[in-house]
Every structure is written in C-alpha cells, then in structure tokens.
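S.K.: The structure is given below, and queries will be raised subsequently.
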Amino acid sequence: LHRPGPAAAGWAQDLRRSALEDMLVATARPDVISLALGLPCEDLFPTAEMGESVARVLASEPRALQYAPPLERLREFVAGLMETRGVRCGPDEVFLTAGAQQGMSLLTRLLLDPGATVVVEAACYPGFLQALAPLSPRIVAAPSGPERGLDVDALERMLASGLRPALLYAIPDGHNPLGVSLPAESRKRLVELARGHGFPIVEDDAYGRVSYDDDGAPALRALDPEWVFHLGSFSKTLAPALRTGWIVAPARFHRALGSLKESTDINTTTLGQRAVADFVARGLFEPHVATLRAEYRRRRDAMLEAIERELPEGSRWSVPRAGFFTWVELPGGADAMAVLRVALERERVAFVPGEAFAAGDAPPARSALRLNFSHGSPESIREGVARVARALGAVSAREATHG
Ligand SMILES: Cc1ncc(COP(=O)(O)O)c(C=O)c1O
C-alpha cells in the first residue's frame, strides 16, 4: 500500500510562493540598488556600545545565559519610554516579546476565536497577514490611503452596515507600506468606534519613535488603555537582532499571553534583554534615537527630492513623518509589476510593487510602489530613484508603441 507523505494543514497548503518573491531574490545581487526591503541601516547600529553592554552583562550576571523570567528593570524602562508616545502605563502592563512580530502573533491568538472577522487596512503589512494565516479568520479590508491613512468614515459606514470585527490592526505612525501617519482627529474617532462597537485595536508602533517631526500625535493607546493593545519594539531604534519588543496590554491578559509565549519560545532572549537594559541604564538610548532620527530624515529628504525631480508629472507620493518608507502612485494606470521587471533586468534597482500588500478582498494597488529610504545612503537613494524613473519611462514608451 502506498501512503503519500504527511500533508500540512489547509492554511499551509494555501501558501504559494509568489512571482514577486522570486523576483525579489534578485535584489541580493551586489549590483542591484535595493529600495525594496525595510532594513535599518547597519552603519547606524550602536555596535561598539552594545558590545560593551553585552560584555558588562556577561561579566556581572552569572545567569545571563540562563532561562529567565521577564526582566523587571526593562519593563520599568519601557513603561517610562511609553510616555514619549503619550501613553501612561505601569510596568505591570508591559509584556516583553521577541519583537513586535511576535507581539502580533501572540495577540491574534489571544483575541481571535475560530471564524472571527479581522479588519485590516487595504494596504497591509504582510507580517500581520502571516500571523493571521494559521487562524484562518475572515479578513475585511478597510480603505486606506497615502494621504490620510485609514479612512475612518468608510470604517464607520462598514460598521453601520453590520461589520462585527473581533479585532482591527492599524499602524498609526510611519505606516508600512503607505508611509503615512494617521491625523489626530482620525485617531480620536477610530478609538471611539472601537469603544462604541466593542472591538480591540492592535496598534503596531514599530516605527513610532523613528519620527521626523517633534509634534507627532500620541499613540492610540494614549486615547484608550482598555481597547488598544500596543506593540513596541527595539528593532528599529537599536537593532532587530536583539529580538526585543513589547506589548502594552491590561495586566489581566498577561497570564494567557505568558502561556502563549512560553509555548512559542519559552522566554525573550535573556542576554538581549539584559544588554538593552544595560544600554539604556548608561543613558545611551535617547541620544542614539536622536542620531537615528536626524540620519533617517536626511535619507527621507534625499528620496523625496529625487522623486520630485525624476518621476513623471501626475505621480503622487506620501511624505513620511515617521518610518522607513514612502508610497508612490504612478500616473496613467502604469503597471508597477511590469516596471519592476524592467527595473531589475535593465536598471538594476528593486522596489516592492503595491500589490504585494493587498489584503482580504481589497483591489490590489497595481500602479503603486513602496520605496525604502532607511537602508541605503542618500547617494544610492538618489541613484535608485533615477533608475526607477528610467524603468518607468521604458515601460511607458513600450506601451505607447504597442498600444
Ligand atoms: C509594521 C511592522 N511591524 C512589525 C515589524 C517587525 O518588527 P520586529 O522586528 O520588532 O518584530 C516590522 C518590521 O519590518 C514592521 O514593518
């Protein structure tokens, strides 16, 4: 009797490698300028200082390599750090995680029953959709755009016509991929809708501190400590390799979160937590964030200037107040996938086409692209945008010829 090998669960069988993923493998080639990935700049990592912190921890804490419960003094620091986001919370509300990504994986499992409905923005961070996939919820996309972010009026109409979400996922600051920050008025109304209709918001604040204005609006959690679950991270302010982030959530959820967390990875990296705690205790964190903001602002400005100079009339783009990306909408219904093919083959530049961020039943943004400005130098950003413009020009010329 021939038995076929074991089969993965249905949701895993539905995962398909996309043509886009195949294409993006090409971005690893050294001659390609990548505006595609969302990596922080390696030159800005506090490598020497973090090395000192690791050495100090290993020399002074015999259990630094052991399994360990969450580090109390790091929870205290994070509670203080939340004040910079307008949030007042105690250390007992801070739940340490291996990054914001793990936070979303834990929160979706905490909050969703089988068959639940989840609302996301029409252009969505794919990592959140990955966290949802094994739970197979119904995913409903709310309209969202690069100018004003989540369309709260549209969401209100959807709720009025019977939508009953079990959770809504939002990135109010430095949106990935839209590069937009939600206006203060929309924040207020969004939180009112959550309270009024009784659904929790998962607020992804991965980029909240990487902001380019001093007058950013407070995080959603500042407006409601009950309905907003807040995700934070040291990935963009220190380094992703530390795998250290947090959830701010009412203390009554922490026992269940702890059980989910333990089943996933037992505890957040003991050494990483202690190294971060030592780094912040030496007073290095805020000056480092200030340096990052100035550097990333320079790169953002280089990108915006290059876009303005190089892209054809009728293009529209977001002006990011925070985060690592800008979102460009090409004029005349240009096909961003076709532009990407030419960009990779002929111009040696990569970006992510908007359709990669399509969620639920939302129509994919076929004429849009996400451009990253955190990773490359201002010079390579300028050159990269010029190459994208040439690729777009080539595709438009071809279409004009072939009708
Ligand atoms: C919107 C968003 N959330 C979360 C993450 C993951 O962050 P972390 O490294 O803290 O898990 C990223 C990383 O790119 C992101 O863009």
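The values are calculated or read from the model by the stated rules, or taken from the named source; none is laboratory data. In this text the structure is predicted, and so the values were computed from the model without any measurement. Glycine also receives a Cβ, built like all others from the backbone with ideal geometry; neighbour counts cover every protein chain displayed. Surface accessibility is based on the protein's heavy atoms, side chains included, excluding ligands, DNA and RNA. Shrake-Rupley method; radii C 1.70, N 1.55, O 1.52, S 1.80 Å.
S.K.: Would you confirm whether any residue within region 76-96 is over 21 Å from Asp224 (Cβ atoms) and within 14 Å of the ligand (Cβ to nearest atom)?
M.R.: The initial filter retains those residues of region 76-96 that are over 21 Å from Asp224 (Cβ atoms), namely 76-77, 96.
Those still in the list that are within 14 Å of the ligand (Cβ to nearest atom) too: 96.
Yes: region 76-96 contains one or more residues that are over 21 Å from Asp224 (Cβ atoms) and within 14 Å of the ligand (Cβ to nearest atom).
S.K.: Filter region 323-347 for residues that are more than 16 Å from the ligand (Cβ to nearest atom) and of a type in the set (Gly, Ala, Ser); which is most open to solvent (accessible area, probe 1.4 Å)?
M.R.: Checking each candidate, the answer is Gly332.
S.K.: If you scan region 330-351, which residues turn out to be without any contact (Cβ under 8 Å) to a residue 60 or more places away in the chain, touching an Asp or Glu at 6+ places or on another chain (Cβ under 8 Å) and either among the polar types (S, T, N, Q) or over 19 Å from Pro146 (Cβ atoms) (or both)? Break it down into steps so the answer makes sense when it comes.
M.R.: Residues of region 330-351 without any contact (Cβ under 8 Å) to a residue 60 or more places away in the chain: 331, 333, 336, 338-339, 342-343, 345-347.
So of that shortlist, the ones also touching an Asp or Glu at 6+ places or on another chain (Cβ under 8 Å) come out as 331, 336.
Once the filter is applied, which keeps residues that are without any contact (Cβ under 8 Å) to a residue 60 or more places away in the chain, touching an Asp or Glu at 6+ places or on another chain (Cβ under 8 Å) and either among the polar types (S, T, N, Q) or over 19 Å from Pro146 (Cβ atoms) (or both), region 330-351 yields nothing.
S.K.: I'm trying to understand the selection: among the residues of region 250-265, which are out of contact with any Asp or Glu (no Cβ under 7 Å at 6 or more places or on another chain) and open to solvent by less than 50 Å² (accessible area, probe 1.4 Å)?
M.R.: Pass one, region 250-265, residues out of contact with any Asp or Glu (no Cβ under 7 Å at 6 or more places or on another chain): 252-265.
Selection gives Phe253, His254, Ala256, Leu257, Gly258, Leu260, Lys261.
S.K.: Give the residues of region 376-403 that are surrounded by fewer than 20 Cβ atoms within 10 Å (Cβ to Cβ) and closer than 25 Å to Ser235 by Cβ, sorted by residue number.
M.R.: Ser377, Pro378, Ser380
S.K.: Counting only residues that are open to solvent by 40 Å² or more (accessible area, probe 1.4 Å) and touching a residue at least 60 places away in the same chain (Cβ under 8 Å), which one in region 112-128 is nearest to Leu178 (Cα to Cα)?
M.R.: Only one residue tops the list, namely Tyr125.
S.K.: A follow-up question, please. Just one of Leu242, Leu238, Leu260, Leu231 is farther than 29 Å from Pro46 by Cα and of a type outside the set (Gly, Ala, Ser); which is it?
M.R.: It is Leu260.
S.K.: Which condition number does Val78 fail, the rest of (1) over 25 Å from Pro177 (Cβ atoms); (2) out of contact with any Phe, Trp or Tyr (no Cβ under 6 Å at 6 or more places or on another chain); (3) in a helix (DSSP H, G or I) being met?
M.R.: Evaluating Val78 over (1) over 25 Å from Pro177 (Cβ atoms); (2) out of contact with any Phe, Trp or Tyr (no Cβ under 6 Å at 6 or more places or on another chain); (3) in a helix (DSSP H, G or I) leaves (2) as the failure.
S.K.: Still on this structure, please answer the following. Failed condition for Val202, given (1) open to solvent by less than 10 Å² (accessible area, probe 1.4 Å); (2) more than 14 Å from the chain's Cα centre (by Cα), with all others met?
M.R.: (2)
S.K.: I want to confirm something. Restricting to region 94-109 and keeping residues that are in contact with a helix residue (DSSP H, G or I) (Cβ under 6 Å, 6 or more places away or on another chain) and assigned to a helix (DSSP H, G or I), which single residue is surrounded by the fewest Cβ atoms within 10 Å (Cβ to Cβ)?
M.R.: Selected residue: Arg109.
S.K.: Sort out which residues of region 293-321 are charged (D, E, K, R) and not in a loop (DSSP other than H, G, I, E, B), and write them in order of number.
M.R.: Arg293, Glu295, Arg297, Arg298, Arg299, Arg300, Asp301, Glu305, Glu308, Arg309, Glu310, Arg316 - these are the residues of region 293-321 that are charged (D, E, K, R) and not in a loop (DSSP other than H, G, I, E, B).
S.K.: Take Lys188 and tell me if it is within 11 Å of the ligand (Cβ to nearest atom) and either more than 22 Å from the chain's Cα centre (by Cα) or among the basic types (Lys, Arg) (or both).
M.R.: Working: within 11 Å of the ligand (Cβ to nearest atom): no; either more than 22 Å from the chain's Cα centre (by Cα) or among the basic types (Lys, Arg) (or both): yes.
The answer is no for Lys188.
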